[in-house]
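Reviewing the structure listed below.
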Amino acid sequence: MTVLRGKIVGARALEKRSQGQAPDPLQRLIRRFGVSAQTANIRRCFDLRVGAGRSSLNADGSPVQFALSLAARRPTALEFVGEDAAGDYAMRQALGIKHMEALAQAIGAQNELSSVRPWLEAVAGTGPAGDCEDPAGAFWIGASFDPRGGTAMTVYANARRGDEEGRWQRLTEPRIRAVVEARGLKPLGAGIRLSAGVKPRKRVYFGAYGVTPDEYRRMFRESGCGTKFDEALDVFFAEMLRDERAYPTRSAVCSFGFDDGEWQPKLELCTHCAWQTDSEATERCAAWLEQLGLDADLYRDVVEILAREHVHAFVGTGMKRGEAYASIYLNPGSAL
């Protein structure tokens, strides 16, 4: 009886300690996004996204970001992207290929990855870094899990290798090149989204610096991206930049996807360049999301779960199938 009583007391003490211990941030995110049924696969995929060394994904070298893609008529997925930052460029490229293959197997998209892998490797290239840019990072690899059970992966290939003309030729077609080059944008890379049994969706990315909001809007109009996206940009700049929208922005990323005969444009601002503090970014992002009727509470909760300074990395707006959405990338630092 004494032994049994001791076991019961010990079990209760363990239970109390377990109840008093907060779940880790990833588990809290899994619960908040309503994807607990996919916990095992999420953790398996999350463990594939990082390696040792300093990553080029974030300014502070952290190797992972969480992505929020908030739209009015679709559930928000738990999405993350990371980089294996071990070794030199050739080693990172080899590790990236190994990890994208493992991730494709985890979500059942091996055939879809096989169909685009040669293109991804061609975009990433093997030559020296061009324009004295950071050579780190051949691939960034992400996974997405939505509450309905859907899974997807995204692979981003770094195009900043070799001479600039070669980078343009690997990355884009003449019409897009003409309008973005006229504003001084530079080719960054390409991404491709993969799901089992779904046609891969490509996107190309360009870096911008010193371009005014009005010039961005003009560029996207000239690219044929439509009035709805122009209106979404107008609202975005008005809420996020306010009195500073008349001035050139600092670092930004512009991208173009193409699906079902329509452009899927997106513009994202570097938050470190746009705002002085994280609290300022949080206040403006929440107000903007509320104005759009999007889930500002989910955004606030994710920021609170990650709970660190400089959590914001990029904030922007895009257009997909005629619907504007918010795109927010958050850096958890060493929290995960």
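The values are calculated or read from the model by the stated rules, or taken from the named source; none is laboratory data. Here the structure is a predicted model, which is why all the values come from computation and not from measurement. Positions of Cβ are backbone-derived with ideal geometry, glycine not excepted, and every protein chain shown enters the neighbour counts.
Points to keep in mind about this one:
- Glu239 out of contact with any Lys or Arg (no Cβ under 6 Å at 6 or more places or on another chain), among the charged types (D, E, K, R) and over 19 Å from Ala281 (Cα atoms): no
- Just one of the listed residues (Thr249, Thr271, Thr317) is under 23 Å from Asp230 (Cα atoms), β-branched (Val, Ile, Thr) and in contact with a His (Cβ under 6 Å, 6 or more places away or on another chain), and it is Thr271.
- Number of residues in region 221-259 that are of a type outside the set (S, T, N, Q) and part of a helix (DSSP H, G or I): the value is 20.
- Unmet requirement for Glu79, which otherwise passes all of (1) farther than 25 Å from Thr317 by Cα; (2) among the acidic types (Asp, Glu); (3) outside any loop (DSSP other than H, G, I, E, B); (4) within 17 Å of the chain's Cα centre (by Cα): (1)
- Qualifying positions in region 56-81 - over 18 Å from Glu268 (Cα atoms) and buried (at least 19 other Cβ atoms within 10 Å of the Cβ): Ser62, Pro63, Thr76, Ala77, Leu78
- Residue, farthest from Pro75 (Cα to Cα), within region 290-310, restricted to residues that are surrounded by fewer than 17 Cβ atoms within 10 Å (Cβ to Cβ) and of a type in the set (Asp, Glu): Glu309
- Restricting region 313-327 to residues that are among the hydrophobic types (A, V, I, L, M, F, W, C) and over 17 Å from Thr249 (Cβ atoms), the residue that is surrounded by the fewest Cβ atoms within 10 Å (Cβ to Cβ) is Ala324.
- The residues in region 82-91 that are at pLDDT below 85, buried (at least 19 other Cβ atoms within 10 Å of the Cβ) and of a type in the set (D, E, K, R) can be counted, and the count is 1.
- The set of residues in region 252-268 that are over 13 Å from the mean Cα position of the chain (by Cα) and farther than 16 Å from Asp230 by Cβ comprises Ala252, Gly257, Phe258, Asp259, Asp260, Gly261.
- Among the residues of this structure, Ala232 does not count as one that is within 19 Å of the chain's Cα centre (by Cα), surrounded by 22 or more Cβ atoms within 10 Å (Cβ to Cβ) and not hydroxyl-bearing (Ser, Thr, Tyr).
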